[in-house]
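Worksheet for the structure shown next.
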Amino acid sequence: MTNPYLALEGVSYVLPDGRTLFTDLNEQFDQRHTGLVGRNGVGKTVLARLLAGELQPATGRYVHSGRLHYLSQQVSGLEDSSVAGLAGVQTTLDALALIEAGSTAPADFDAVGDQWDIRQRLQHELACNGLDHLDASTPASSLSGGEAMRVALIGATLSDADFLILDEPSNHLDRENRQALIAMLQRWPRGLLVVSHDRQLLETMTRTLELSSQGLRSYGGNYAFYAQSKAQERQKALQQLDQRKHERKREEQALRERQERQERRQARGDRQRRETNQAKILLDRQKERSESSSGKLRQQQAAMREQLTQRVREAARQVEEDVPISLHPLPVAQAARRRVAELDDVQLPFGASGTRPISLTLSGQQRLGVLGPNGCGKSTLLKVLAGVLEPLAGRCEMAVKSAYLDQHLAALDPQRSVLEQMIEANAGAGKDILRMQLAQLGLDAQKILAPSGSLSGGERLKAALACVLYADVPAQLLLLDEPSNHLDLPSTQALEAMLRSYQGALVVVSHDDALLENLELTERLTATPQGWQLEPW
């Protein structure tokens, strides 16, 4: 198709609870590779789903030409699917198998279309992406989060779409596969929209779109260009706001001085009238004129003050609201030498590195970063430590209370509100304190009362963090699996600051190099073909 496009014309979207998420969006998407950025909860995923045709705008019009392929941030349907289903080619493969078995049904031929080599193409892409140990029939439930995302991305490239719409595609990918994703998207010859907080990925985009409380704004460059432009815009807007405030202060001083002069003249006139021998009717008429003049002056000054205040408001609106995100330090007593957990010749149930036993002793203030490629057993190790999985062999002992946060936020009930689950986790704290803690995470009163499943990915992660970190009895061991996934940059920086001040033991799995460097870790535990290797950070 020549020149496929997507276009938003005055589009707004209203949430089921009646809140307006965004309004009057106007934008056109062409073949340029575009990154979409914005704070958690501003509506990036909703906008992506609207562009993919999954949602309809409340007002305005969305039009497009060409085939679309949308990949959400959470790969779903793993329980009852296969690699072929996850890649979106199961129907084609089933029809192909029926034809090979002798079917002449037109529906089967329509389903195959011109993709007679789809089986070979799928296996070729799996091999090129380091997944040659998988085939079309491999159960999707056996895949790690990173493997599932990579298979779904392969499906996107096999879709032959005119536009790819990808929501946080690098979240569950290791370092090597993030680079492979970037290379794959740089080779993609058609339209592309990527919702992401991954600065390395956003650097490769041709332009950057920002969704904010002020609407949708297009910047003609990659993330570095966007960040520089934003900083310049904000500085200019702050200077304009300061100038408007200074002008208002100067003009109000001039108005006060004018008012004081008018009052002095009026007082002088009243004194002179009392001292003269004029008739009462003349005195009353002079008094009315004086009062009328004073009244007009007050009206003029009130109008001028309102005009000055309005100019300040308009300047303030140009300064995008930048609400700080904060996490409270966790009250965990220091116990540097205390043993908190021990693995003795433990064989993990899944993962290449899990074929070799691991022995590990964690002490009170040990801070461990777990590294390795997707599928090596990092998440499985955390699940064994958390007691979610039993080891195939060996002994796992936990000496203290731990808190575990998995990639899929399984501990968070999507049907229940965040506040309800916070109260359950910390019955000893009052509602006001819990509301305050959630508000400081950027979760307002409406969001904490809504079902947690209705929140954005970043907001759900903040809620899950709050439930495990602010529990009634503080955990002395935190087990965090990709904790920065879905978080915007300010929230990630707040998480880093909180974890730096945490006095308990920490085990964190992450592919975010910047996050790991900022956590002041003591050791790294790396999954290698020779087994698990522990070394100083």
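The values are calculated or read from the model by the stated rules, or taken from the named source; none is laboratory data. These numbers come from a predicted model, not from an experiment. Note that each Cβ is placed from the backbone with ideal geometry, even for glycine, and that neighbours are counted across all protein chains shown. When the accessible area is computed, the model is the full protein with side chains, heavy atoms only, and any ligands, DNA or RNA have been set aside. Shrake-Rupley method; radii C 1.70, N 1.55, O 1.52, S 1.80 Å.
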Say each of D444 and A429 gets a label point 7 Å from the Cα, pointing the same way as Cα to Cβ; how far apart are those two points in nm?
-> 2.1 nm
Quantify, in whole percent, the carbon and sulfur part of the accessible surface of the chain (1.4 Å probe; protein heavy atoms only).
-> 48 percent
Across the chain, how many lysine pairs, 8 or more apart or on two chains, come within less than 17 Å at their alpha-carbon atoms?
-> 7
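Accessible area per residue of the chain at 1.4 Å probe, in Å²? Intermediate values should be presented prior to the final figure.
Numbers: 26250 Å² over 537 residues.
Value for the chain: 49 Å² per residue.
Could you calculate the FRET efficiency of A316 with E257 from 1/(1 + (r/R0)^6), where r is the beta carbon distance between them and R0 is 22 Å, rounded to 0.05?
0.25
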Efficiency of FRET from Cβ geometry, A411 and L534, R₀ 35 Å, rounded to 0.05 = 0.80
Take the alpha carbon atoms of the range 4-37, find their center, do the same for the range 444-484, and report the distance between the two centers in whole angstrom.
-> 28 Å
Using a basic spin-label model with each label point 7 Å from the Cα along Cα→Cβ, how many nm lie between A7 and Q299?
-> 4.9 nm
Could you work out the longest stretch of the chain that avoids the trypsin sites (Lys or Arg not before Pro) located in DSSP loops with at most 16 other Cβ atoms within 10 Å?
-> 191-336
How high is the relative contact order of the chain, in percent, counting Cα pairs under 8 Å that sit 6 or more residues apart?
-> 15 percent
Describe numerically, in nm with one decimal, the distance between label points set 7 Å from Cα along Cα→Cβ at W116 and at D135.
-> 2.3 nm
Enter the Cα centre distance for the pair the range 360-417 and the range 108-159, rounded to the nearest angstrom.
-> 30 Å
At a Förster radius of 35 Å, what calculated FRET efficiency corresponds to the Cβ-Cβ distance of S213 and Q179, to the nearest 0.05?
-> 0.55
Write down the radius of gyration of the chain and its Dmax, each obtained from C-alpha positions, in Å.
-> 31.0, 123
At q = 0.15, 0.20 Å⁻¹, base-10 log of I(q)/I(0) for the range 28-179 (Debye sum, equal scatterers on each alpha carbon) = -0.90, -1.32
